[in-house]
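One structure below.
The values are calculated or read from the model by the stated rules, or taken from the named source; none is laboratory data. Predicted, not measured: the structure shown is a model, and the values here were computed from it. Virtual Cβ from ideal backbone geometry, glycine too; neighbours counted across all protein chains shown. We work out accessible area using only protein heavy atoms, side chains counted, and drop any ligands, DNA or RNA first. Shrake-Rupley method; radii C 1.70, N 1.55, O 1.52, S 1.80 Å.
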Amino acid sequence: MGYFSNIFNGIKTLLTGMSITGKYFLNSRKGAITQQYPDNRETLKMFDRFRGEVIMPHDENNEHACTGCQKCEIACPNGTIEIIWDRGIDEETGKKKKKIDQFVYHLSMCTMCGLCIDVCPTDAIEWGQNFENSVYDRTALTRVLNEPESKVRAGIED
Amino acid sequence: MRIPLSITDNIQEWLVSMMSESAASYVAMIIVALIYLGIFAIAGLFLVLIERRVAAWFQLRIGPNRVGFQGLLQTMADALKLVSKELTGTDRADKFLYNLAPYFVIISALMALGVMPFTKEFQAFDINIGIFFLIAISSIGVIGILLGGWASNNKFALIGAMRSGVQTISYELSVGLSLLTMILLTGSLQLSEIVEVQKGGWLIVQGHIPAIIAFMIYMIAGTAETNRAPFDMVEAESELGAGFHTEYSGMKFAYFFLAEFINMFLIAAIAATVFFGAWLSPFGITESIPWLGVFWFLAKTLVLVFLMMWFRWTFPRLRVDQLLTLEWKYLLPINLVNIVIMAFIVWQKLIIQI
Ligand code: SF4
Ligand code: SF4
């Protein structure tokens, strides 16, 4: 009797669905995922997966891990990253060596695809958690990610 | 013919002391109409708010809570905003029909409210064909939808309107037949009579199994009648823009919107009247205080409204062919068999009487 079993299956699955949403309804007070944003601006923390902007972390000696290999610049599908690089003399070996002068990042063009971060061999760049990215002047969206006077951490290339 | 105007009796007596009888009855009718209009415009707004809060809770959100205490004034503010908006229209649209459509929808929704028995006294018109009148009036609204879709000169609106026609013609049958099943029990179409019969147990108890089946069918078909999800093919935001009211703005859009919610209230109110004893309190616990009937009526109706919201925020939208399969291959045959079963039960006096 396909006809009647259809009906009973239908009713059963509908009731299963309703019980799931019903449970959500009863628990919504405890588990609401909405953030009351401007009110909790001080305490609001973004979750780990959040892609706010690309940042380049520096350690306490003002050193970053970017070797200037330009893989990220090549990987970026829309030309968001521009690396202005230079050749300097390595103090230890005395050889000429590539180093970054300015790591330019155009936030206004970035689609947050994450390819640059995936491709970086030294994990020099990562996701920032900043979510208040709006500015009044769009030139503020073009950022230099390496701090002035910063240099690459020694031994990162090995 | 004199239509009994229960709540207007007092008003009418007071008016008769000032003017002639016929003038007094007209004035009384107008006063009642204005009272109903006022109450239900506001009630409709609050239903929108309830819907939004309930929807939010189903989706683990919070919902509107900024305007007024816990967002109580949110929909008022929305309505004010809509009133202040420009009324736009399309080129080469049929202006007359275009403007007429929203009134069809809202007026048919409000007219049906007139026969609702909120308490023994609080019922504007107690006509002897009550249920029939309700079924008839609730399907007039679809003309407004068809007009709106046709006159907008917009393909999405037209598709939405045509779907609405298909849907209403099909589900009207189920609504009518499931109510007919219950009328076998009451033996009367008059709403006050129907409530009177339920003093010996609500009809859903009296009619047990067939009544429960009829109730389920009624709720499914009723949800389809109001064009709400999962039967919202008429609007189908993801397919048709906003469906039949794509081209409407400002107050005319608000009429469509309000009518949807008043219709939902109506469907729930009819179910509460026919299946759950309208203003009768459970086991007659507050029988000595008649005005509490309003409370019981609204409580039952709101529970059913909540059920419809629960449907809406649980089930995905049906396809048009699935919609028609559900009606013609399942609901309608079950309904017809159900009527026969109910007739047998009434004939053999297998009714449960408390
Ligand atoms: S950020 Fe990474 S990928 Fe880009 S240039 Fe520096 S080391 Fe190479
Ligand atoms: S996230 Fe994507 S778009 Fe943005 S800079 Fe990296 S590669 Fe370019």
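Scanning the stretch B:243-269 for residues that are polar (S, T, N, Q) and out of contact with any helix residue (DSSP H, G or I) (no Cβ under 7 Å at 6 or more places or on another chain) yields one hit, B:249. Does the stretch B:57-100 hold any residues that are exposed (fewer than 13 other Cβ atoms within 10 Å of the Cβ) and away from chain A (no Cβ under 14 Å), and which are they? Passing the criteria: B:69, B:80, B:81, B:83, B:84, B:86, B:87, B:88, B:91, B:92, B:95, B:96. Identify, please: which residue in the stretch A:92-117 is part of a loop (DSSP other than H, G, I, E, B), within 16 Å of ligand 2 (Cβ to nearest atom) and closer than 20 Å to residue A:69 by Cβ and is, among those, farthest from the chain's Cα centre (by Cα)? In this case the residue turns out to be A:110. The residues listed here are A:128, A:88, A:155, A:114; of these, the one that is within 30 Å of residue A:43 (Cα to Cα), at pLDDT below 90 and within 16 Å of ligand 1 (Cβ to nearest atom) is A:128. Annotation: of all residues in the stretch B:40-56 being in contact with a Pro (Cβ under 9 Å, 6 or more places away or on another chain) and closer than 18 Å to residue A:27 by Cα, the one that is surrounded by the fewest Cβ atoms within 10 Å (Cβ to Cβ) is B:52. The single condition among (1) crowded, with 17+ Cβ neighbours inside 10 Å; (2) in a helix (DSSP H, G or I); (3) away from every other protein chain (no Cβ under 14 Å) that residue B:119 does not satisfy is (2). If you go through the stretch B:151-192 and keep only what is among the aliphatic types (A, V, I, L, M) and open to solvent by 40 Å² or more (accessible area, probe 1.4 Å), you end up with B:158, B:159, B:162, B:166, B:169, B:173, B:180, B:184, B:189.
Yes/no per residue for (1) facing chain B (nearest Cβ under 10 Å); (2) loosely packed, with under 11 Cβ neighbours inside 10 Å; (3) touching a residue at least 12 places away in the same chain (Cβ under 8 Å):
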{"site": "A:7", "(1), (2), (3)": "yes, no, no"}
{"site": "A:18", "(1), (2), (3)": "yes, no, no"}
{"site": "A:29", "(1), (2), (3)": "yes, yes, no"}
{"site": "A:33", "(1), (2), (3)": "yes, yes, no"}
{"site": "A:38", "(1), (2), (3)": "no, yes, no"}
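Of the set (1) away from every other protein chain (no Cβ under 14 Å); (2) open to solvent by 90 Å² or more (accessible area, probe 1.4 Å); (3) not polar (S, T, N, Q), all apply to residue B:328 but (1). State which residue is surrounded by the fewest Cβ atoms within 10 Å (Cβ to Cβ) when the search covers only the stretch B:259-282 and only residues that are on the phi < 0 side of the Ramachandran plot and not in a helix (DSSP H, G or I). So the residue we want is B:281.
Residue A:77 - would you say it is within 19 Å of residue A:142 (Cα to Cα) and either surrounded by fewer than 11 Cβ atoms within 10 Å (Cβ to Cβ) or within 14 Å of another protein chain (Cβ to nearest Cβ) (or both)? Spelling it out, residue A:77 is indeed within 19 Å of residue A:142 (Cα to Cα) and either surrounded by fewer than 11 Cβ atoms within 10 Å (Cβ to Cβ) or within 14 Å of another protein chain (Cβ to nearest Cβ) (or both).
For the stretch A:51-64, filtering for residues that are in a loop (DSSP other than H, G, I, E, B) and within 16 Å of ligand 2 (Cβ to nearest atom) leaves 4. Is it fair to say residue A:73 is part of a loop (DSSP other than H, G, I, E, B) and either in the same structural domain as residue A:132 (by TED's automatic domain parsing) or at pLDDT below 90 (or both)? No, not satisfied. Residue B:301 versus (1) in contact (Cβ under 8 Å) with a residue 40 or more places away in the chain; (2) over 28 Å from residue A:5 (Cα atoms): which is the lone unmet condition? (1) is the only condition that residue B:301 fails. Tally time: how many residues in the stretch A:40-52 are aromatic (Phe, Trp, Tyr) and surrounded by fewer than 10 Cβ atoms within 10 Å (Cβ to Cβ)? Of the residues in that region, 1 qualify.
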